[in-house]
Amino acid sequence: MAPFPGAAAAASLGPIGGPNAVRFALPLRTAYGGPKHMPEDRFQVIDEAAALALGRALHIGVVGLGQCGGNIADAFAARGYPAIAVNCASADLAALQHVPVPLRLGVGTSAANGSGGSLRLGGEALREGGDSVAELIEQVFDDVEIVLAVGGLGGGTGGNLVELVSIVADLEFPVIAMGVLPGLAEGYRLKTNALWAINELVDAPIDSLLLVDNEKLYAKHGSATIESFWPACNESLAAAIDRLNCLASDESLTSVRTFDPNDLRQLVRFGGMTLFGTSTIEGAICRDSLLVAFMDAINNSDMLATGVELEDVVVLGSIVTAGTDLLSQTSAAVFDDYFREVQLVTNGAAHRFGLYRRSTAGPAELHVIAAGLPLPGRVHDMLAEATAEAQRFGTKKSQARVRLQRLDLSPLGVQQEPSTQAVSETSPPPRPRAVAIEEAAPLADSEERAAAGAFTSEAPALDDAELAGEQDADVIEGLLGPPSRVLSDDP
Ligand SMILES: Nc1nc2c(ncn2[C@@H]2O[C@H](COP(=O)(O)OP(=O)(O)O)[C@@H](O)[C@H]2O)c(=O)[nH]1
Ligand SMILES: [Mg+2]
């Protein structure tokens, strides 16, 4: 499916530096080690990729915070959207493929190190680099009318999305905050960060809140390989938003009832939480099949956090795309009936409608955008999960044996001199003395050692995006007790 004219060209854009790379009118500023101050002139993104973005209904600029935010910004950059990545971890910035190098901004004094899951460290880095972030946004988002600010809310960096949002709002851009929620298994530290971040966003100067649910993304893309998993998630997220944003410019669609840019603009700026989804209309287009698809799009989003009451929807848009065959069998009264039903189930939400004839075959589709919503049930469930997990961990920690226990090696014939020092509660145990293991044959090579579980220096290659947050949280938890801003620092 070609979502917009030139989509193929956008898709073919290689990594930065490739033949179609985004070009800049100015010398490139590297994320680290580059000039401290931005050049006076504006960066001019003059590539065809940027021009493609202008074919959309809304001129959206994306700023990604932290690893997750940067990766999602990268997926938008691949589609030609102007996109900036802000992070205090240089490795995360270096791993991006499509955000132009000059638009990857390192913040914080310990720039190379990241925030290690700490909201406090991430927040300090972002405040310290706030002026550079503002400067870059101003220089790059010349034609942008609305900014999508995105971060993984469980992250020490991305969890400070409210700071980024404030920077963007101070520049007088309307801003949609897109927060990514941790999945069910990501642990209470990440969930606690995310819940804190949501509370901050509730009071922030945002035009609307989008909540991506990683649990949904695990379900949708969990069979992808570990390396392709996040790219697949982020691409499908960017594709879904881009799809809504270019309905009007899709050459395979002909308008029967136009859903114009202003309809979209008003919906995404309405306030509260915004939810969108697409559902297939099974069989013929009739009142019931439309209504089923409508409910499905709102209740079963495959990406966003769900758990809202239909009667909480304040404004909504629905857009139907269908082939000529299906449309020629559908009476106008069907849509009228559908509007009435939606009126009933939403208790009177304002409804904007679009209908497009498709030149391609296949079942009809319904795209729904609902706005003005309260925080979804998923967030309330997460609060309950995090509370239970924190209590469980607290109990475990209080019962855990702090001291490691020595092994009894006598069955191996290993004699070990008994320690002469008494081990008290307060003094650390004495260092074990080296003992001669005369009977044991030396292990021949590293493979044998590995098989015996000895001295393997290589950790299994785990995707740091997958695991770092959780591991960091656990390590920090074990070492220091909960350092979270929520639990112990200034809230
Ligand atoms: N959807 C999505 N989630 C991600 C991605 N990378 C990390 N996450 C999630 O984002 C949250 C924060 O992690 P991370 O972005 O690494 O933290 P930060 O760099 O400190 O902001 C966690 O819940 C991760 O599972 C990504 O590329 N896509
Ligand atoms: Mg990370």
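Okay, here's what the table says:
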quantity: DSSP-assigned coil residues among GluC sites (Glu not before Pro) in the stretch 172-209, each with at most 15 further Cβ atoms within 10 Å; calculated: GLU172
quantity: Chain lengthening between ASP203 and ALA361 when straightened (0.36 nm per residue, less Cα-Cα); calculated: 52.3 nm
quantity: Among 370-379, 131-140, 279-288, the order from most to least packed when residues are scored by Cβ within 10 Å on average; calculated: 370-379, 131-140, 279-288
quantity: For PHE353, residues with placed amide H under 5 Å, excluding near neighbours; calculated: SER318
quantity: Highest to lowest packing among 388-394, 255-261, scored as the average C-beta count within 10 Å; calculated: 255-261, 388-394
quantity: For the stretch 159-209, the Rg and Dmax computed from alpha carbons only, in angstrom; calculated: 11.8, 38
quantity: Karplus 3J(HN,Hα) series, Hz, for the stretch 249-259 with 6.51 cos²θ - 1.76 cosθ + 1.60 (x for Gly, Pro); calculated: 10, 6, 5, 7, 10, 10, 6, 9, 10, 7, 9
quantity: Alpha carbon centroid spacing (whole Å) that separates the stretch 164-231 from the stretch 313-327; calculated: 28 Å
quantity: Cα→Cβ-extended label distance, 7 Å offset, between ASP288 and SER398, nm; calculated: 5.7 nm
quantity: Cβ-Cβ FRET estimate between THR258 and HIS380, R0 fixed at 51 Å, reported to 0.05; calculated: 0.85
quantity: Estimated FRET transfer efficiency when R0 is 60 angstrom, pair THR280-ASP408 (beta carbons, to 0.05); calculated: 0.40
quantity: FRET E, pair TYR218, ASP143, Förster distance 60 Å, beta-carbon r, rounded to 0.05; calculated: 0.95
quantity: For VAL212, net neighbour charge (Lys/Arg +1, Asp/Glu -1) across residues whose Cβ lies under 14 Å away; calculated: -2
quantity: Viscosity 1.567 mPa s, temperature 4 °C, Stokes-Einstein D of the stretch 251-378 from Kirkwood C-alpha radius, µm²/s; calculated: 88 µm²/s
quantity: Segment ALA95-ALA350, length gained on full extension (0.36 nm per residue, minus Cα span); calculated: 87.5 nm
quantity: Cα centroid separation, the stretch 234-306 to the stretch 114-136 (Å); calculated: 34 Å
quantity: Separation in nanometres of the label points that stand 7 Å from Cα toward Cβ, at GLU172 and GLU251; calculated: 3.8 nm
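Each reported figure results from applying straightforward, stated rules to the coordinates on display, with no laboratory input. The structure presented is a predicted model; accordingly, all values stated were derived computationally and were not measured. Virtual Cβ from ideal backbone geometry, glycine too; neighbours counted across all protein chains shown.
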